[in-house]
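Novice: Supplied in structure tokens, the structure appears directly below.
The values are calculated or read from the model by the stated rules, or taken from the named source; none is laboratory data. Computed from a predicted model, the values in this text were never measured in an experiment. For neighbour counting, all protein chains shown are included, and Cβ atoms are generated from backbone atoms with ideal geometry for every residue, glycine included.
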């Protein structure tokens, strides 16, 4: 695990939270229509449930040499998502363009999407999936990381998250996947 990268992401996330609270960094408030809306919606699902299960099925079916990585990959992606949802409930950050946007309201057991902004679970899951796929197929790493970055940035561009939420999700996804990969001895890295 690259601790310098992780520390940099965490530091940038903390700095952005302070800038956002001061009103110096805002959401983009962009809207897309037609084909662009449909395509961006698809990209924003990279690393989510169906995509991850399809990736696992393809990995298992087409690459017998890496079948042992399927379980750890699923643990990494879905485990990271569970941790992200727990942190969302603990922090209670209000999403952009909602009343009280950006405020941290604290803990709740009740699901309330408008107050579950930090960290971005989409970003966390996308990065966790890319850590695994890039580790298994380094020759295609640019594609996997491109998909993860597109997914993460779209969460900000589509006004679902603050930029700090996205960076927090990226850091969580990276750390979670690397810990799972090391625990299961999937690949060196």
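Novice: Scanning the stretch 32-62 for residues that are touching a helix residue (DSSP H, G or I) at 6+ places or on another chain (Cβ under 8 Å) and not in a helix (DSSP H, G or I), which turns out farthest from residue 151 (Cα to Cα)?
Specialist: That would be 32.
Novice: If you take the residues in the stretch 125-156 that are free of Cβ contacts under 8 Å to residues at least 60 places away in the same chain and buried (at least 22 other Cβ atoms within 10 Å of the Cβ), which one is farthest from residue 91 (Cα to Cα)? Reasoning before the result, please.
Specialist: Filtering the stretch 125-156 down to residues free of Cβ contacts under 8 Å to residues at least 60 places away in the same chain leaves 131, 134-135, 137-146, 149, 152-153.
Checking which are buried (at least 22 other Cβ atoms within 10 Å of the Cβ) leaves us with 131, 144, 152.
Numbers: 131: 26, 144: 30, 152: 20 Å.
If we take residues in the stretch 125-156 being free of Cβ contacts under 8 Å to residues at least 60 places away in the same chain and buried (at least 22 other Cβ atoms within 10 Å of the Cβ), then 144 is farthest from residue 91 (Cα to Cα).
Novice: Please specify each residue of the stretch 102-126 satisfying the condition of being outside any helix (DSSP H, G or I) and closer than 17 Å to residue 13 by Cα.
Specialist: Filtering the stretch 102-126 for residues outside any helix (DSSP H, G or I) gives 102-112, 116-120.
Result: 102, 103, 104, 116, 117, 118, 119, 120.
Novice: In addition: Does residue 21 satisfy being more than 21 Å from the chain's Cα centre (by Cα) and within 23 Å of residue 93 (Cα to Cα)? Before the answer, list the steps.
Specialist: Working: more than 21 Å from the chain's Cα centre (by Cα): yes; within 23 Å of residue 93 (Cα to Cα): yes.
It is true that residue 21 is more than 21 Å from the chain's Cα centre (by Cα) and within 23 Å of residue 93 (Cα to Cα).
Novice: While we're here: All but one of (1) touching a helix residue (DSSP H, G or I) at 6+ places or on another chain (Cβ under 7 Å); (2) surrounded by 13 or more Cβ atoms within 10 Å (Cβ to Cβ); (3) not in a helix (DSSP H, G or I) hold for residue 96; state the number of the condition that does not hold.
Specialist: Tallying (1) touching a helix residue (DSSP H, G or I) at 6+ places or on another chain (Cβ under 7 Å); (2) surrounded by 13 or more Cβ atoms within 10 Å (Cβ to Cβ); (3) not in a helix (DSSP H, G or I), residue 96 fails exactly one: (1).
Novice: Another question, if that's okay. What's the total number of residues in the stretch 116-142 that are over 22 Å from residue 64 (Cβ atoms) and out of contact with any helix residue (DSSP H, G or I) (no Cβ under 8 Å at 6 or more places or on another chain)?
Specialist: The total comes to 1.
Novice: Hey, among 129, 74, 153, which residue is in a helix (DSSP H, G or I) and within 18 Å of residue 12 (Cβ to Cβ)?
Specialist: Details: 129 fails: within 18 Å of residue 12 (Cβ to Cβ); 74 fails: within 18 Å of residue 12 (Cβ to Cβ).
Going through 129, 74, 153 in turn, just one is in a helix (DSSP H, G or I) and within 18 Å of residue 12 (Cβ to Cβ): 153.
Novice: Looking at (1) modelled with pLDDT of 95 or more; (2) under 17 Å from the mean Cα position of the chain (by Cα), which one does residue 63 not meet, given that it meets all the others?
Specialist: Here residue 63 meets the rest and fails (2).
Novice: Among the residues of the stretch 156-174 satisfying the criterion of being in a helix (DSSP H, G or I) and out of contact with any helix residue (DSSP H, G or I) (no Cβ under 6 Å at 6 or more places or on another chain), which is farthest from residue 123 (Cα to Cα)?
Specialist: Step one: filter the stretch 156-174 for residues in a helix (DSSP H, G or I), giving 156-157, 163-174.
Still in the running and out of contact with any helix residue (DSSP H, G or I) (no Cβ under 6 Å at 6 or more places or on another chain): 157, 165.
Numbers: 157: 13, 165: 9 Å.
So, considering only residues that are in a helix (DSSP H, G or I) and out of contact with any helix residue (DSSP H, G or I) (no Cβ under 6 Å at 6 or more places or on another chain), the one farthest from residue 123 (Cα to Cα) is 157.
Novice: Among the candidates 24, 57, single out the residue that is more than 18 Å from residue 159 (Cβ to Cβ), out of contact with any strand residue (DSSP E or B) (no Cβ under 9 Å at 6 or more places or on another chain) and exposed (fewer than 12 other Cβ atoms within 10 Å of the Cβ).
Specialist: Values: 24 fails: more than 18 Å from residue 159 (Cβ to Cβ).
Of the residues listed, the single one that is more than 18 Å from residue 159 (Cβ to Cβ), out of contact with any strand residue (DSSP E or B) (no Cβ under 9 Å at 6 or more places or on another chain) and exposed (fewer than 12 other Cβ atoms within 10 Å of the Cβ) is 57.
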